[in-house]
Structures are given as structure tokens and as C-alpha cells.
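Reviewing the structure listed below.
The values are calculated or read from the model by the stated rules, or taken from the named source; none is laboratory data. Computed from a prediction, not measured in an experiment: that's the story for all the values here. Positions of Cβ are generated from backbone atoms using ideal geometry, with glycine treated the same way; all protein chains shown enter the neighbour counts. The accessibility values were calculated without ligands, DNA or RNA, using every heavy atom of the protein model including side chains. Shrake-Rupley method; radii C 1.70, N 1.55, O 1.52, S 1.80 Å.
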Amino acid sequence: MHILMAASENDGIRGGKVGVIGDVLRDLPSALAEQGHRVTVVTPSYGFLHKINPIIGNISILFHFKGRQHRTDIFEVSGKRQQENVTHMVFDAPYFADDPPRIYSADPPHLPFAADAIKFACFNTALAEAI
């Protein structure tokens, strides 16, 4: 079986962990690969993960979001631990990045998670197009 896991964090790559979901995306793919499955883990790059992890390869795709066409660069990156049947990919597009670069946005108290909701809706749209 080939399993696709998409998440906001992935501690399987450098710089990809903020909280517990990063731990899950570090450990679960390895356990599934040991069971004989292929696993691809996908996260946004947030404008920096593709820069701090060794790149194996990349492609670009176009997708539509909020009535406009956008481009995302998709990078296959090396994991902290190389494991057969586990692939790590990061999607880079302007909608996925903050300034300064970080995984979760620092929204004002009256709009908690508003920027992240848009960021992850855009990421999921790009991922669906890539699939």
C-alpha cells in the first residue's frame, strides 16, 4: 500500500517540528514502512524547510485558489533518518510563508488561526492538484 500523509508539521525533517503532530509524522511513517508500506509525508515548506533540508528533486505545478492561478514548487527532501519506503516532500508557495518564516502564524487575539486557515486551505488545494 502507498500511504500519503499530509500535515502541518513533520519532525522527520530538520526544522519541521513545533508540537506533538511533528512527533507523529516522524514516527508513524517509519512504523508503517517497517510493515512493508510506502509512505509519502507532505507538509508546506513555510518558505524555509526546502532551504534547510537537502533537496533530492523538485517539480512545479499550477493550481487555482481564491479565483487565481498560483504556482507551487514541490521539493523531495532528505529526512533526518534515511529509511527505505519513506519519502518527505515540502510544498513551497508564497501563501504558505510568513515573515519571519515560521510554521504557525502569529494572528491577533481577535482572529485566532485566521492566517493558518487560509494557508492550509491553499496547501490542501495545491496537494489535491498535485495528486
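Here are the numbers for the structure shown:
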quantity	calculated
Estimated inter-spin distance, Ala114 and Thr40, nm [label 7 Å along Cα→Cβ]	3.5
Square roots of five times the Cα gyration tensor eigenvalues for region 29-82, Å	26, 15, 9
Crossing angle, helix 114-130 versus the chain [Cα axis fit, 0-90 degrees, rounded to tens]	50
Solvent-accessible area, 1.4 Å probe, carbon plus sulfur percent, for region 11-131	56
DSSP bridge orientation in the chain - percent antiparallel, rounded to nearest 5	60
Separation of the Arg81 and Ile3 label points, Cα + 7 Å toward Cβ, nm	1.5
Among (1) 23.9, 79; (2) 16.1, 58; (3) 14.5, 47, the entry derived from the coordinates for Rg and Dmax of the Cα atoms in Å	(3)
Positive-end residue of Leu62, Asn10, Ala33, charge dipole of region 4-79 with Cβ unit charges	Leu62
J(HN,Hα) series, region 79-95, from Karplus relation 6.51 cos²θ - 1.76 cosθ + 1.60, nearest Hz, glycine and proline x	x, 4, 10, 6, 9, 4, 6, 10, 10, 10, 10, 10, 9, 10, 7, x, 5
Rounded accessible area per residue of the chain, 1.4 Å, Å²	54
Structure-based [θ]222 nm, the chain - -39500 (n - 2.57) summed over DSSP H runs of at least 4, per residue, nearest 500	-8500 deg cm²/dmol
Partner lysines for Lys51 [C-alpha distance under 21 Å; skip if fewer than 8 residues away on the same chain]	Lys17, Lys80, Lys119
Magnitude of the charge dipole, region 1-90, Cβ model with Lys/Arg +1 and Asp/Glu -1, debye to 20	380
Cut-off under 5 Å, modelled amide H: who pairs with Tyr46 long-range	Ala93
Helix axis angle, 20-34 relative to the chain longest principal axis, alpha carbon, degrees	30
